[in-house]
1. Quick one: residue 133 ticks every box in (1) in contact with a Leu (Cβ under 7 Å, 6 or more places away or on another chain); (2) at pLDDT 95 or above bar one, so which box is it?
2. Is there any pair linking a residue in segment 101-121 that is surrounded by 10 or more Cβ atoms within 10 Å (Cβ to Cβ) to one that is among the polar types (S, T, N, Q), with Cβ under 6 Å and at least six apart or on different chains, and which?
3. Return only the number of the condition from (1) at pLDDT 70 or above; (2) exposed (fewer than 10 other Cβ atoms within 10 Å of the Cβ); (3) touching a strand residue (DSSP E or B) at 6+ places or on another chain (Cβ under 7 Å) that residue 89 does not satisfy.
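The values are calculated or read from the model by the stated rules, or taken from the named source; none is laboratory data. As the structure is a computational prediction, the values presented were derived from the model and not from experiment. Every residue, glycine as well, gets a Cβ built from its backbone with ideal geometry; the counts of neighbours run over all protein chains shown. Surface accessibility is based on the protein's heavy atoms, side chains included, excluding ligands, DNA and RNA. Shrake-Rupley method; radii C 1.70, N 1.55, O 1.52, S 1.80 Å.
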Amino acid sequence: MEEKKDKAFVIRDKRIFAETGDVRRDEETPPDIKPVETQAEPERQAPKAEAPEAPPEEGFPEVNFVNFILSMSTTAMYHFGDFPDPVSQKAQKNLAAAKQTIDILGMLRSKTEGNLDDNEKSLMDGVLFELRMRYVKEKDLS
């Protein structure tokens, strides 16, 4: 046990593990701390082929592609200044961040080409069109 005496206090190493990572021997372990007995971990079973989905947490929508696209479009609208900051209660425009969000959606659109159903494709195209037109309008106004 390391001790360093100074005028007003004593420093004691109360860690139950030595610097090597091993559990300290009894003479090294501070008297007020006992090492925890470790138990072997039970064998984990492989997950079932199809586990039932957990119900969505209260207050949050289900995580799926459509909701992700809607979330990204809401983020872009926030950067256009449509919604106030929750802390300052002031709406602020950040066109660079809006453009980046629109570019991310555009990249997603190109990377998912041929993998979207008709509803997802229509939503993605509509959201991208509206956000791009909004960006052009906001850019012209600034």
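1. (1)
2. 101/75
3. All conditions pass for residue 89, except number (3).
Per-residue answers, yes or no, for (1) open to solvent by less than 60 Å² (accessible area, probe 1.4 Å); (2) over 25 Å from residue 121 (Cβ atoms); (3) at pLDDT below 60; (4) not hydroxyl-bearing (Ser, Thr, Tyr):
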site: 46; (1), (2), (3), (4): no, yes, yes, yes
site: 51; (1), (2), (3), (4): no, yes, yes, yes
site: 58; (1), (2), (3), (4): no, yes, no, yes
site: 66; (1), (2), (3), (4): yes, no, no, yes
site: 72; (1), (2), (3), (4): yes, no, no, yes
site: 79; (1), (2), (3), (4): yes, no, no, yes
